[in-house]
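Enquirer: The structure's right below; bear with me while I get my questions together.
The values are calculated or read from the model by the stated rules, or taken from the named source; none is laboratory data. Note that the structure is predicted; figures quoted are calculated from it, not measured. Positions of Cβ are generated from backbone atoms using ideal geometry, with glycine treated the same way; all protein chains shown enter the neighbour counts. These accessible areas exclude ligands, DNA and RNA; they are computed on the full protein's heavy atoms, side chains included. Shrake-Rupley method; radii C 1.70, N 1.55, O 1.52, S 1.80 Å.
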Amino acid sequence: NDIKASIPTELGKLSNLIYLRLSYNAFTGTVPEGLAEMKGLQLLQLQSNRITKIPIIPRLDDIIHGQSTFVTDCGVPSAFDNALECDNCTMCCNIHEDCHPQEKTKLQKLGLKNYGTSAAVLLLIALFFMVAFLLYITARRKNIGNTGTSEMETSIKKVDMYALSKIGKDSVYSYFVTDKVFGWFIASATLVIQVVLLVFFINASEANLQNDGTDIQFTWQCPRDTDVCDEKSDWTTFGWIIFSVLMIAFLSKDMINGSKLIYHSAKITHSFKSRIRYFFGGMCLCWFTLFALYVSTVYNKAIATSNTEIIVNSVIVLFIMDLDEWIFSALEAINDDWTSHTSALEDEMKDKIASQQEELRNLREIVDRMQESQAQMDQIASQQEELRKLCEIVEKMQELHASAHSENVVSGCASDINAQQLETEHVYR
């Protein structure tokens, strides 16, 4: 209608009024105080006017009209220097006639003030569980104890290499597992920068519809020909599925490696300082990964209007996640000595492994020679056993031969005696 005037104060006297829609006109000035006294009012839409002030109107019952119950121009950008304040409005529209529901987020309903507070609470909970996990595995790990000095040094170097591989050899976070003060300063500064950048995204996601600094997209429309406001965003469930795949693909590695680093920090064979470094490095990796996942989810939930925007926003956060590697590459380009801790330890470990492999080869040669000697000894023993058996056979044959010769002698003697007896008998005769 394009009515140009202030809203008549007489409207406030209509105590039984339940429906008042004055949107898309040119009303100016202040909304009458009497509207605050209308107990039966069920719908009040005042958007797309030039109203400068709204009295404190109790929140209307939104059972019937839902988010379309109380609509005003309380969004940004506004036609005025300061957006219209309306704490009890259910929908805020801006100068472009785009709207957004004004309601508490799920976290706010849980008693958390904003996304920043929520992030702090969630990360403190994550830190608590990390410390509890460390204490648990420390209690279960057993001391290796009786190992030689060389074996102990080798074991420590292997775990140092393991720690570097898990936290990232091409990342400034690798300084966290070393004792370099300069490296710790660089790694800590990088972590702070990354956190600050992500905090900007959190602040831009806050549901403050009167703040020009918010990135929230006003994706609702309240058409002129109806009193029902509808959402016009184009994102679908498939977009969030792609988002989940991206997050799992890019963040799961850091989360798993950070957990493994915390687990290995419980090895009693290391010094206390080394264990603290490993735990701190693993904790930072897990903590920052969870923080990035939280920020990416909150930011997309607040501003994404299509599946493409969900992917683009996710990639931006993942780029910030890689900032530590870009800084490491810059340091390496400036001065190789600043990043030599990874290559030096790796070269030293390779030399140690090569030395151990040489010792193992020599031991194998000794074992092979011993096995050959043992085989020869077994062969000689076998031959001796065969010779013993032959000797036994010869002895038995000799015994049989001697027995046969004795029987022949006895038989000859008996024949002589018989002959003599016959001869004697012949003489007598």
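Enquirer: Considering all projection directions equally, how large on average is the shadow of the alpha-carbon convex hull of segment 48-91, in square nanometres? The partial results should precede the final answer.
Expert: On the way: hull surface 12.4 nm².
Across all orientations, segment 48-91 yields a mean hull projection of 3.1 nm².
Enquirer: Treat each spin label as a single point 7 Å out from the Cα along the C-beta direction, and report the residue 322 to residue 241 distance in nm.
Expert: Once both label points are built, they end up 2.6 nm from each other.
Enquirer: For segment 24-99, count all C-alpha to C-alpha pairs, find those more than 18 Å apart, and express that count as a whole percent of the total.
Expert: Working: 958 of 2850 pairs.
Roughly 34 percent, once rounded to a whole number.
Enquirer: Please give the contour-minus-distance gain from residue 52 to residue 386: 0.36 nm per residue of separation, less the Cα-Cα distance, rounded to one decimal in nm.
Expert: Values: separation 334, 0.36 × 334 = 120.24 nm, distance 11.98 nm.
Additional length available on full extension: 108.3 nm.
Enquirer: Tell me which residues come under 5 Å, amide H to amide H, from residue 6 once H is placed; ignore anything under 5 positions away on its chain.
Expert: 28
Enquirer: While we're here: Residue by residue, what Karplus-based ³J(HN,Hα) values in Hz, rounded to whole numbers, does segment 43-59 have, using 6.51, -1.76 and 1.60 with θ = phi - 60° and x for Gly and Pro?
Expert: Rounded to whole hertz, the list is 9, 9, 10, 10, 6, 6, 10, 10, 6, 9, 7, 10, x, 6, 9, x, 4.
Enquirer: How large is ³J(HN,Hα), in whole Hz, for each residue of segment 234-243 in order, when computed from phi with the Karplus curve 6.51 cos²θ - 1.76 cosθ + 1.60 and θ = phi - 60°, using x for Gly and Pro?
Expert: 9, 6, 10, 4, 4, x, 6, 5, 4, 4
Enquirer: Considering amide H positions built from the backbone, and no H for Pro or chain starts, which residues 5 or more places from residue 92, or on another chain, come under 5 Å of its amide H?
Expert: 100, 102
Enquirer: Are there trypsin sites (Lys or Arg not before Pro) in segment 26-92 that DSSP puts in a loop and that have at most 15 other Cβ atoms within 10 Å, and which ones? Walk me through the numbers on the way to the answer.
Expert: Details: sites: 39, 50, 53, 59; in loops: 39, 59.
Passing both the DSSP loop test and the Cβ count: 39, 59.
Enquirer: According to a simple spin-label model (label point 7 Å from Cα along Cα-to-Cβ), what is the distance in nm between residue 180 and residue 133?
Expert: Output for this residue pair reads 2.7 nm.
Enquirer: Largest first, how would 393, 202 line up by accessible area (1.4 Å probe)?
Expert: 393, 202
Enquirer: So which of 13/39; 169/253; 106/301; 169/260; 109/232; 169/273 end up more than 18 Å apart, counting from Cα to Cα? Please report the intermediate quantities before stating the final value.
Expert: Working: 13/39 12 Å; 169/253 14 Å; 106/301 12 Å; 169/260 16 Å; 109/232 25 Å; 169/273 20 Å.
Over 18 Å apart, Cα to Cα: 109/232; 169/273.
Enquirer: Please give the FRET efficiency for residue 193 paired with residue 85, using the beta carbon to beta carbon distance and R0 = 35 Å, rounded to the nearest 0.05.
Expert: Values: r = 36 Å, r/R0 = 1.02.
Calculated transfer efficiency: 0.45.
Enquirer: Extension gain residue 104-residue 18, at 0.36 nm per residue separation less the Cα-Cα distance, in nm? Display every interim value, and only then the final one.
Expert: Values: separation 86, 0.36 × 86 = 30.96 nm, distance 2.53 nm.
Roughly 28.4 nm would be gained on extension.
Enquirer: Evaluate the relative contact order of segment 11-108 (contact order divided by residue number), counting alpha-carbon pairs under 8 angstrom at least 6 apart; express in whole percent. Please list the in-between numbers first.
Expert: Details: 209 pairs, mean separation 21.4, N = 98.
Relative contact order here is 22 percent.
Enquirer: What are the ³J(HN,Hα) couplings of segment 120-125, residue after residue, when phi is run through the Karplus curve with 6.51, -1.76, 1.60 and θ = phi - 60°? Round to Hz, x for glycine and proline.
Expert: Taking θ as phi minus 60°, the curve returns 4, 5, 5, 6, 5, 5 Hz for segment 120-125.
Enquirer: Something else now. Keeping the other protein chains in place, figure out the carbon and sulfur percent of the accessible area of segment 1-46, with a 1.4 Å probe.
Expert: Numbers: 1310 of 2550 Å².
Whole-percent figure for carbon plus sulfur exposure: 51.
Enquirer: For segment 1-142, take N as its residue count and report Rg(C-alpha) divided by 2.2 N^0.38 Å.
Expert: Working: Rg = 22.6 Å, N = 142, 2.2 N^0.38 = 14.5 Å.
Dividing the Cα radius of gyration by 2.2 N^0.38 Å gives 1.56.
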